[in-house]
Amino acid sequence: MIKIIQQVIDNLNGYGLSVLVLILGVLEFSFGLYKKRWNKNEKFVDIACFVLPKLVIRPAIAFFGLKFLPAVIPVLRNEFDWVSFGWGLLIIAIADDLTQYWYHRLHHEIPWLWRFHRTHHSASYMGMAMASRQNALYTLFFSQTYVTTILVYLGLGAPRIVVGAIKSTITTLAHSSIPWDKPFYKYKVLHPVAWVLERLISTPATHHAHHAATTDDGVGYYKGNFGNMFFLWDVIFGTAHISRQYPSAYGISHYEGDPWYAQLLWPIFKSNVAGSELAADGPIVKQDITIEERDLLTIRAVHQNNGEQELVLKEIPAAAG
């Protein structure tokens with residue numbers, strides 16, 4: 001029995017999440033939920049950000065961390081063996097998610113950090129692929145990866161696997177374009193459950209608001225809703241915005257389709273889009289533009305990505321951001 005339980009734990013973060021992502025991906029594409037916004041460049045961004053940051057960088061940090069720690073603090077190996085599985089789950093969940101809340105929040109509130117996180121917000125659509133859409137350097141310095149690696153070394157390996165599986169499921173579902181939380185808002189009998197749910201964990205409504213292209217409509221709120229697994233941090237620290245509605249537009253209002261390699265590896269590689277925040281001479285933070293102007297910029301980006309270099313938006317000045 002113990003062997004069976006251990007096998008289940010070992011596979012929670014592997015097969016279980018993979019099946020979930022596969023099912024969500026099939027559903028999203030079947031129902032056309034990307035709304036034909038997934039052009040060639042955006043595909044490269046999403047795929048590259050899934051492979052390098054998620055499948056290479058984060059596992060590498062954990063692997064080399066567990067090789068390095070015995071050399072510097074050998075006496076602390078499995079020091080937390082006495083901690084029960086339940087308390088271990090709580091310790092890992094709080095340490096992992098609370099550090100990520102502040103790491104995420106600081107990248108929105110400190111201007112010079114914004115460009116490292118910008119890739120996660122650049123897409124004009126929401127989908128399960130967005131959960132791993134991150135700049136490689138942003139992932140390299142993920143605070144929670146180092147914290148949880150240390151806690152695993154101290155003896156909380158099994159709780160870490162379980163929390164990782166639960167967190168990955170919640171964040172993937174929160175980024176998905178499938179609004180699974182709508183029934184909780186629609187049916188009055190479920191309203192008490194909705195009240196608790198939307199304040200405890202990230203849901204599509206609250207997290208989609210964080211990815212909105214504007215904050216002027218009372219729905220979008222990219223200046224808050226920073227929680228990943230737990231939305232509770234936003235409630236506690238005063239950054240929560242709950243509307244039970246979904247934004248009409250996603251992404252960065254002035255996004256012009258920066259090449260995938262710049263979004264993955266800025267500042268090592270710069271964008272060739274003049275005036276972009278990722279360009280060599282671009283601004284640190286660019287001002288928002290109207291949704292109408294943004295749609296026109298998207299048209300221009302699509303033409304450029306298809307190899308057509310004509311300027312579609314002569315009426316929008318370069319300083320529109």
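The values are calculated or read from the model by the stated rules, or taken from the named source; none is laboratory data. Keep in mind that what you see is a predicted model, and the values were worked out from it rather than measured. No Cβ is skipped: glycine too gets one built from the backbone with ideal geometry, and neighbour counts run over all protein chains shown. Note: accessible area is taken over every heavy atom of the protein model, side chains too, but ligands, DNA and RNA are not part of it. Shrake-Rupley method; radii C 1.70, N 1.55, O 1.52, S 1.80 Å.
Here are the numbers:
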{"quantity": "Amide proton proximity set for Y250, modelled H, under 5 Å, gap of 5+", "calculated": "A213"}
{"quantity": "Theoretical gain in end-to-end length, I94 to T215 [0.36 nm per residue, Cα-Cα removed]", "calculated": "40.7 nm"}
{"quantity": "Entries of K43/K67; K40/K223; K167/K188; K67/K286 with Cα pairs more than 32 Å apart", "calculated": "K43/K67; K67/K286"}
{"quantity": "Integer Hz, Karplus 6.51/-1.76/1.60 couplings in order for the range 218-233, x for Gly and Pro", "calculated": "x, 10, x, 7, 6, 8, x, 6, 7, x, 9, 7, 9, 6, 4, 4"}
{"quantity": "Size of charge dipole - the range 146-220 - debye, nearest 20, with Cβ of Lys, Arg +1 and Asp, Glu -1, no other charges", "calculated": "280"}
{"quantity": "Label-point separation in nm, F63 to Y187, each point 7 Å along Cα→Cβ", "calculated": "4.6"}
{"quantity": "For I61, net neighbour charge (Lys/Arg +1, Asp/Glu -1) across residues whose Cβ lies under 12 Å away", "calculated": "+3"}
{"quantity": "FRET E, pair K40, I73, Förster distance 51 Å, beta-carbon r, rounded to 0.05", "calculated": "0.60"}
{"quantity": "Surface accessible to a 1.4 Å probe, F269 within the full protein complex, Å²", "calculated": "100"}
{"quantity": "Counted charge near P111, where neighbours are those whose Cβ lies closer than 15 Å (Asp, Glu -1; Lys, Arg +1)", "calculated": "+2"}
{"quantity": "Cα-projected label distance for I268 with Y146, points at 7 Å along beta-carbon direction, nm", "calculated": "1.9"}
{"quantity": "Under 15 Å, Cβ to Cβ, from N225 - net charge with Lys/Arg +1 and Asp/Glu -1", "calculated": "-2"}
